[in-house]
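**Q** Can you keep this structure in mind? I'll have questions shortly.
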Amino acid sequence: KEVGEISLKDIDQVARTSFPLCMQHLFNTLRDDHHLKHGGRMQLGLFLKGVGLKLDDALAFWKTEFSQKVGAERFDKEYAYSIRHNYGKEGKRTDYTPYSCQKIILSTPGVGDHHGCPYRHFSEENLRAALGKMGVSSRALEDVIEKARNRHYQLACTLTFEALHASSCDAGINHPNQYFSDSQKILKE
Ligand code: SF4
């Protein structure tokens, strides 16, 4: 296994320990609903590519979930293309890059969408519940909520990172894939 490559059998565990809240939310919603709308598929799909999920594993991962909702045949017909597309295997063969925090924060999720940045796009009540589920202590949680309220979304995410890893993140969080790699670095020390 190459460095920075994640395999399907590890994905649930690394999602729990090292995905930022935006990606945990998409990941858990996909597992629960077996579906994500376009914006969510793009945000999570490119992130997963960025953390080193190979194309074949990505296809297997999305197919396992979507098949339970729309059937395997419809998945192959309607959804597999866009996953190969994200990996630069279709269309103009552009190698699409994972979204930065700035891009995610400025996105405008509509009804039924699950993409976006939870520090910006969740109600305070939902944000509190999500952070509690992640394991953020109630003391750290108030600081995170305060930052989110003041529209310092990336700082809120940085404080969440620090609370969950008992470690400082001096550079701050500016990319979900940076959150992931910084987390893995600390957990593997
Ligand atoms: Fe995701 Fe960035 Fe928002 Fe954190 S600050 S939840 S990494 S978009």
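**Q** Residue under question is Ala130, and the condition is that it be surrounded by 12 or more Cβ atoms within 10 Å (Cβ to Cβ), modelled with pLDDT of 95 or more and farther than 22 Å from Gly45 by Cβ; does it hold?
**A** Values: surrounded by 12 or more Cβ atoms within 10 Å (Cβ to Cβ): yes; modelled with pLDDT of 95 or more: yes; farther than 22 Å from Gly45 by Cβ: no.
Spelling it out, it is not the case that Ala130 is surrounded by 12 or more Cβ atoms within 10 Å (Cβ to Cβ), modelled with pLDDT of 95 or more and farther than 22 Å from Gly45 by Cβ.
For (1) in the same structural domain as Phe161 (by TED's automatic domain parsing); (2) open to solvent by 50 Å² or more (accessible area, probe 1.4 Å); (3) under 15 Å from the mean Cα position of the chain (by Cα), each residue gets a yes or a no:
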site: Met42; (1), (2), (3): no, no, yes
site: Phe47; (1), (2), (3): no, no, yes
site: Lys69; (1), (2), (3): no, yes, no
site: Ala80; (1), (2), (3): no, no, no
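**Q** Of the residues Asn177, Asn126, only one is near the ligand (Cβ under 9 Å from one of its atoms), in a helix (DSSP H, G or I) and not assigned by TED's automatic domain parsing to the domain that holds His35; which? Walk me through it before giving the result.
**A** Details: Asn126 fails: near the ligand (Cβ under 9 Å from one of its atoms).
Among Asn177, Asn126, only Asn177 is near the ligand (Cβ under 9 Å from one of its atoms), in a helix (DSSP H, G or I) and not assigned by TED's automatic domain parsing to the domain that holds His35.
**Q** Of the numbered conditions (1) open to solvent by 60 Å² or more (accessible area, probe 1.4 Å); (2) among the polar types (S, T, N, Q); (3) farther than 28 Å from His152 by Cβ, Asn86 fails exactly one; give the number of that condition.
**A** Of (1) open to solvent by 60 Å² or more (accessible area, probe 1.4 Å); (2) among the polar types (S, T, N, Q); (3) farther than 28 Å from His152 by Cβ, only one is false for Asn86: (1).
**Q** Can you tell me which residues in region 163-184 are without any contact (Cβ under 8 Å) to a residue 40 or more places away in the chain and among the β-branched types (Val, Ile, Thr)?
**A** Residues of region 163-184 that are without any contact (Cβ under 8 Å) to a residue 40 or more places away in the chain, as a first pass: 163-172, 178, 182.
Of everything in region 163-184, nothing turns out to be without any contact (Cβ under 8 Å) to a residue 40 or more places away in the chain and among the β-branched types (Val, Ile, Thr).
**Q** Out of region 38-67, which residues are charged (D, E, K, R), out of contact with any Pro (no Cβ under 9 Å at 6 or more places or on another chain) and in contact (Cβ under 8 Å) with a residue 24 or more places away in the chain? Steps first, answer last, please.
**A** Step one: filter region 38-67 for residues charged (D, E, K, R), giving 41, 49, 54, 56-57, 63, 65.
Then drop every residue that is not out of contact with any Pro (no Cβ under 9 Å at 6 or more places or on another chain), which leaves 41, 54, 56-57, 63, 65.
Of everything in region 38-67, those that are charged (D, E, K, R), out of contact with any Pro (no Cβ under 9 Å at 6 or more places or on another chain) and in contact (Cβ under 8 Å) with a residue 24 or more places away in the chain turn out to be Arg41, Lys54, Asp57, Glu65.
**Q** Just checking, how many residues over region 1-23 are polar (S, T, N, Q) and buried (at least 19 other Cβ atoms within 10 Å of the Cβ)?
**A** Narrowing region 1-23 to residues polar (S, T, N, Q): 7, 13, 17-18.
Narrowing further to those that are buried (at least 19 other Cβ atoms within 10 Å of the Cβ): 18.
Result for region 1-23: 1.
**Q** If you scan region 155-174, which residues turn out to be touching a Leu at 6+ places or on another chain (Cβ under 8 Å) and not in a helix (DSSP H, G or I)?
**A** Correct list: Gly172 only.
**Q** Here is a follow-up. Could you pull out the residue among Leu59, Leu26, Leu53 that is touching a helix residue (DSSP H, G or I) at 6+ places or on another chain (Cβ under 8 Å) and within 16 Å of the ligand (Cβ to nearest atom)? Even if it seems obvious, please write down each step before you answer.
**A** Numbers: Leu59 fails: within 16 Å of the ligand (Cβ to nearest atom); Leu53 fails: within 16 Å of the ligand (Cβ to nearest atom).
Of the residues listed, the single one that is touching a helix residue (DSSP H, G or I) at 6+ places or on another chain (Cβ under 8 Å) and within 16 Å of the ligand (Cβ to nearest atom) is Leu26.
**Q** Something else about it: Of the residues that sit in region 89-122 and are over 30 Å from Gly172 (Cβ atoms) and free of Cβ contacts under 8 Å to residues at least 60 places away in the same chain, which one is surrounded by the most Cβ atoms within 10 Å (Cβ to Cβ)?
**A** Here is the first cut: in region 89-122, the ones over 30 Å from Gly172 (Cβ atoms) are 89-93, 111-112.
Next, from what is left, pick out any that are free of Cβ contacts under 8 Å to residues at least 60 places away in the same chain: 89-93, 111.
Numbers: Lys89: 12, Glu90: 14, Gly91: 10, Lys92: 6, Arg93: 9, Val111: 5.
Ranking the qualifying residues of region 89-122, first place goes to Glu90.
**Q** Report whether or not Ser138 is touching a residue at least 24 places away in the same chain (Cβ under 8 Å) and of a type in the set (Ser, Thr, Tyr). Step through it out loud before you land on a result.
**A** Working: touching a residue at least 24 places away in the same chain (Cβ under 8 Å): no; of a type in the set (Ser, Thr, Tyr): yes.
Answer is no for this residue.
**Q** Something else now. Of (1) open to solvent by less than 30 Å² (accessible area, probe 1.4 Å); (2) outside the structural domain of Gln24 (by TED's automatic domain parsing), Phe75 satisfies all except one. Which?
**A** (2)
**Q** Counting just the residues of region 163-186 that are open to solvent by 50 Å² or more (accessible area, probe 1.4 Å) and farther than 21 Å from Leu44 by Cβ, which one comes out nearest to the chain's Cα centre (by Cα)?
**A** Lys185
**Q** Name the pairs whose Cβ atoms lie under 6 Å apart, with the first residue in region 141-162 and at pLDDT below 95, the second in a helix (DSSP H, G or I), and 6 or more positions between them or separate chains?
**A** Taking only residues 6 or more apart or on different chains, not a single pair turns up.
The values are calculated or read from the model by the stated rules, or taken from the named source; none is laboratory data. Because the structure is predicted, anything quoted here is derived from the model rather than measured. Neighbour counts run over all protein chains shown; Cβ positions are idealised from the backbone, glycine included. Protein only, heavy atoms only, side chains kept; ligands, DNA and RNA dropped before computing areas. Shrake-Rupley method; radii C 1.70, N 1.55, O 1.52, S 1.80 Å.
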